[in-house]
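The values are calculated or read from the model by the stated rules, or taken from the named source; none is laboratory data. Note that the coordinates shown come from a computational prediction; the quantities given were computed from them, not determined experimentally. Heavy atoms of the whole protein, side chains included, go into the accessibility calculation; ligands, DNA and RNA do not. Shrake-Rupley method; radii C 1.70, N 1.55, O 1.52, S 1.80 Å.
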Amino acid sequence: MIRRVVGFFGDKEYAGQRRRLFYLILVLIVVADFLVPREHAEFLWDRIPGWSALYGFGSCVLLIFVSKFLGHRGGLMRREDYYD
């Protein structure tokens with residue numbers, strides 16, 4: 001039985017197109033954030049266009065690195081044969 005490994009974006013034939021479409025949508029979301037009126041922003045950073053996207057991306061990256069650090073250095077991860 002042949003098992004095919006399919007990546008996040010699907011078959012390799014269409015993966016490039018899907019990846020470009022994904023990046024285009026991300027850019028359009030950030031560009032659309034420049035069109036939002038900000039006269040009622042409560043905090044200073046709420047007035048910065050693209051701040052929510054940048055903050056969300058940074059938070060996700062930080063979460064990944066902290067969890068990796070805790071997993072490897074904090075002793076949370078074990079070898080596969082730990083209980084054998």
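Tell me, please, whether a residue that is of a type in the set (A, V, I, L, M), open to solvent by less than 100 Å² (accessible area, probe 1.4 Å), modelled with pLDDT under 85 and outside any loop (DSSP other than H, G, I, E, B) can be found in region 61-81. Scanning region 61-81, I find no residue that is of a type in the set (A, V, I, L, M), open to solvent by less than 100 Å² (accessible area, probe 1.4 Å), modelled with pLDDT under 85 and outside any loop (DSSP other than H, G, I, E, B), so the answer is no.
Picking from residues in region 11-60 that are among the small types (Gly, Ala, Ser) and outside any loop (DSSP other than H, G, I, E, B), the one that is most open to solvent (accessible area, probe 1.4 Å) is 52.
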